[in-house]
Amino acid sequence: MEYRANTQRYEQIEYKRCGRSGIKLPLISLGLWHNFGGVDTFENGRKILRHAFDNGITHFDLANNYGPPPGSAEENFGKIMAGDFKPYRDEMIISTKAGYWMWNGPYGEWGSKKYLVASLDQSLKRMGVDYVDIFYHHRPDPNTPLEETMAALDLIVRQGKALYVGISNYSADETEEAVKILNNLGTPCLINQVKYSMFERWVENQLLSTADELGVGIIAFSPLAQGLLTDKYLNGIPANSRAAKSWGFLQENEVETAIDKVKALNEMAEVRGQSLAQMAIAWLLRHKQLTSVLVGASSVEQLNDNLGALDYLLFSEEELTEIEAILNK
Ligand SMILES: NC(=O)c1ccc[n+]([C@@H]2O[C@H](COP(=O)([O-])OP(=O)(O)OC[C@H]3O[C@@H](n4cnc5c(N)ncnc54)[C@H](OP(=O)(O)O)[C@@H]3O)[C@@H](O)[C@H]2O)c1
């Protein structure tokens with residue numbers, strides 16, 4: 001059936017300025033790492049994407065290697081762009097990345113100019129778009145001069161293939177250095193995409209404040225610890241879960257290690273009158289430095305649950321202390 005976007009979509013969600021840029025991102029963005037690849041059901045992915053856009057999610061996050069197989073999430077997204085979202089291209093922030101292994105040989109991963117430029121050309125073809133809104137360097141490369149990697153990002157913007165550039169998995173010090181180089185080149189760094197959840201808190205040490213000072217946005221990936229911070233694993237590992245899938249990145253032993261904390265957090269969320277997923281997202285959004293929380297979802301129901309986080313974002317001091325106590329157990 002022909003897709004027409006919900007006319008009320010911009011009343012569903014709040015948008016927040018990304019660092020000191022002109023771009024606003026929705027408080028919740030959608031990532032296509034899992035659930036949109038060649039191994040997944042295409043129509044399910046399409047339903048999730050339509051539902052996201054209908055609810056005001058304007059930001060869709062991809063990478064060259066998302067699938068599996070690598071590249072297939074971009075291909076599927078391209079089909080949905082062509083079929084559903086074409087009239088809405090100017091209302092969307094589409095991001096992709098390069099940094100992890102994508103093809104054989106010395107030019108298929110890490111941070112050389114050769115790899116980044118070639119990879120983005122491939123991504124644009126797969127998605128059938130002329131440009132992406134944000135192009136990221138996916139992970140720091142210890143063996144390529146940062147000047148070269150940042151020069152590649154600058155070049156890509158000057159070529160018109162990306163409007164903004166970002167970095168991902170860069171520490172506070174690495175961010176500071178990258179920002180300095182990019183500023184000198186005249187292409188500011190829009191955003192750093194980092195792993196951040198109740199279970200993964202390295203960004204709190206320095207990065208949040210450094211990014212704030214530098215005027216760089218922060219978007220948190222795996223905010224639900226890949227599904228751990230939900231009610232999904234309370235009664236074991238369901239067959240349709242990421243932990244059970246051979247290509248899923250969540251390991252069964254991670255579930256076993258975390259489950260006692262998950263149960264305690266779930267009880268707390270119940271008292272607050274929200275789901276654990278909602279509490280985990282709200283807990284992140286209380287940081288003023290955070291631009292957006294980048295969730296994944298394998299169903300429309302999950303996405304809806306996650307969007308419900310925005311209905312109740314407040315925490316009392318007692319609640320925050322209780323969460324710390326559970327996490328530090
Ligand atoms: N830059 C990087 O290096 C990097 C790395 C990883 C991810 N990312 C980005 O971040 C995005 C999100 O990462 P993520 O998928 O790990 O995020 P996540 O939100 O922590 O986990 C998503 C998974 O949790 C489960 N889930 C989500 N909502 C749920 C709910 N309400 N109730 C029960 N289960 C729920 C689903 O797993 P099931 O399939 O088990 O249902 C879903 O696939 C990725 O798509 C990607 O765009 C970036």
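The values are calculated or read from the model by the stated rules, or taken from the named source; none is laboratory data. Computed from a predicted structure; not experimentally measured. Don't worry about glycine lacking a Cβ; one is built from the backbone with ideal geometry, like all the others, and counts go over all protein chains shown.
Which of the residues belonging to the range 68-99 are within 15 Å of the ligand (Cβ to nearest atom), more than 17 Å from A52 (Cβ to Cβ) and among the charged types (D, E, K, R)?
Selection gives K97 alone.
Which of the residues spanning the range 1-15 are in contact (Cβ under 8 Å) with a residue 40 or more places away in the chain and polar (S, T, N, Q)? It would help to see each step written out before you state the result.
So the first thing to find is which residues in the range 1-15 are in contact (Cβ under 8 Å) with a residue 40 or more places away in the chain, and the list is 3, 5-6, 9-15.
Across the range 1-15, the qualifying residues are N6, Q12.
Being surrounded by 18 or more Cβ atoms within 10 Å (Cβ to Cβ) and more than 15 Å from the chain's Cα centre (by Cα) is the filter here, so list the residues in the range 85-98 that pass it. Walk me through it before giving the result.
First, the residues of the range 85-98 that are surrounded by 18 or more Cβ atoms within 10 Å (Cβ to Cβ): 85, 93-98.
Within the range 85-98, F85 is the sole residue that qualifies.
Can M127 be described as of a type outside the set (G, A, S), in contact with a Phe, Trp or Tyr (Cβ under 7 Å, 6 or more places away or on another chain) and either crowded, with 20+ Cβ neighbours inside 10 Å or farther than 20 Å from L185 by Cβ (or both)?
Details: of a type outside the set (G, A, S): yes; in contact with a Phe, Trp or Tyr (Cβ under 7 Å, 6 or more places away or on another chain): yes; either crowded, with 20+ Cβ neighbours inside 10 Å or farther than 20 Å from L185 by Cβ (or both): yes.
It is true that M127 is of a type outside the set (G, A, S), in contact with a Phe, Trp or Tyr (Cβ under 7 Å, 6 or more places away or on another chain) and either crowded, with 20+ Cβ neighbours inside 10 Å or farther than 20 Å from L185 by Cβ (or both).
Condition first: more than 16 Å from the ligand (Cβ to nearest atom), surrounded by 15 or more Cβ atoms within 10 Å (Cβ to Cβ) and of a type in the set (S, T, N, Q). Now tell me which residues in the range 100-124 satisfy that.
The answer is S112, Q122.
For the range 152-173, enumerate the residues that are assigned to a helix (DSSP H, G or I) and either away from the ligand (no atom under 16 Å from the Cβ) or over 18 Å from I134 (Cβ atoms) (or both).
First pass over the range 152-173, keeping only residues assigned to a helix (DSSP H, G or I): 152-158, 172-173.
Of everything in the range 152-173, those that are assigned to a helix (DSSP H, G or I) and either away from the ligand (no atom under 16 Å from the Cβ) or over 18 Å from I134 (Cβ atoms) (or both) turn out to be A152, D154, L155, I156, V157, R158, A172, D173.
Might you let me know whether the range 286-303 holds any residue that is closer than 28 Å to K47 by Cα, charged (D, E, K, R), within 11 Å of the ligand (Cβ to nearest atom) and modelled with pLDDT of 95 or more?
Taking the range 286-303 and keeping what is closer than 28 Å to K47 by Cα, we get 290-303.
Adding the requirement that they be charged (D, E, K, R) leaves 301.
From what's left, within 11 Å of the ligand (Cβ to nearest atom): 301.
Remaining after also requiring modelled with pLDDT of 95 or more: 301.
Yes; the residues of the range 286-303 include at least one that is closer than 28 Å to K47 by Cα, charged (D, E, K, R), within 11 Å of the ligand (Cβ to nearest atom) and modelled with pLDDT of 95 or more.
Which of the residues spanning the range 16-59 are polar (S, T, N, Q), touching a residue at least 40 places away in the same chain (Cβ under 8 Å) and part of a loop (DSSP other than H, G, I, E, B)?
Start the filter on the range 16-59 by keeping residues that are polar (S, T, N, Q), which leaves 21, 29, 35, 41, 44, 55, 58.
Then drop every residue that is not touching a residue at least 40 places away in the same chain (Cβ under 8 Å), which leaves 21, 29, 35, 44, 55, 58.
If the condition is that a residue be polar (S, T, N, Q), touching a residue at least 40 places away in the same chain (Cβ under 8 Å) and part of a loop (DSSP other than H, G, I, E, B), then S21, N35, N55, T58 are the ones that fit.
List, please: which pairs have Cβ atoms under 8 Å, are six or more places apart or on different chains, and start with a residue in the range 297-317 that is aromatic (F, W, Y) and end with one that is not in a helix (DSSP H, G or I)?
Close Cβ pairs satisfying both conditions: Y312/G273; Y312/Q274; F315/R286.
Looking only at the range 24-31, decide whether some residue is within 14 Å of the ligand (Cβ to nearest atom) and either polar (S, T, N, Q) or more than 22 Å from L290 (Cβ to Cβ) (or both).
Yes: one or more hits.
Inspect the range 197-210 for any residue being assigned to a helix (DSSP H, G or I), under 20 Å from the mean Cα position of the chain (by Cα), within 16 Å of I326 (Cβ to Cβ) and of a type outside the set (S, T, N, Q) and give the result as yes or no.
no
With T175, T187, T149, T210 as the choices, which residue is over 28 Å from N35 (Cβ atoms), touching a Pro at 6+ places or on another chain (Cβ under 9 Å), surrounded by 17 or more Cβ atoms within 10 Å (Cβ to Cβ) and hydroxyl-bearing (S, T, Y)?
Values: T175 fails: touching a Pro at 6+ places or on another chain (Cβ under 9 Å); T187 fails: touching a Pro at 6+ places or on another chain (Cβ under 9 Å); T210 fails: touching a Pro at 6+ places or on another chain (Cβ under 9 Å).
Exactly one of T175, T187, T149, T210 is over 28 Å from N35 (Cβ atoms), touching a Pro at 6+ places or on another chain (Cβ under 9 Å), surrounded by 17 or more Cβ atoms within 10 Å (Cβ to Cβ) and hydroxyl-bearing (S, T, Y), namely T149.
What are the residues in the range 221-243 that are more than 6 Å from the ligand (Cβ to nearest atom), surrounded by fewer than 23 Cβ atoms within 10 Å (Cβ to Cβ) and among the aliphatic types (A, V, I, L, M), if any?
L234, I237, A239, A243 - these are the residues of the range 221-243 that are more than 6 Å from the ligand (Cβ to nearest atom), surrounded by fewer than 23 Cβ atoms within 10 Å (Cβ to Cβ) and among the aliphatic types (A, V, I, L, M).
Among (1) modelled with pLDDT under 95; (2) exposed (fewer than 15 other Cβ atoms within 10 Å of the Cβ); (3) part of a helix (DSSP H, G or I), there is one condition E267 misses while meeting the rest; what is its number?
Failed condition: (1).
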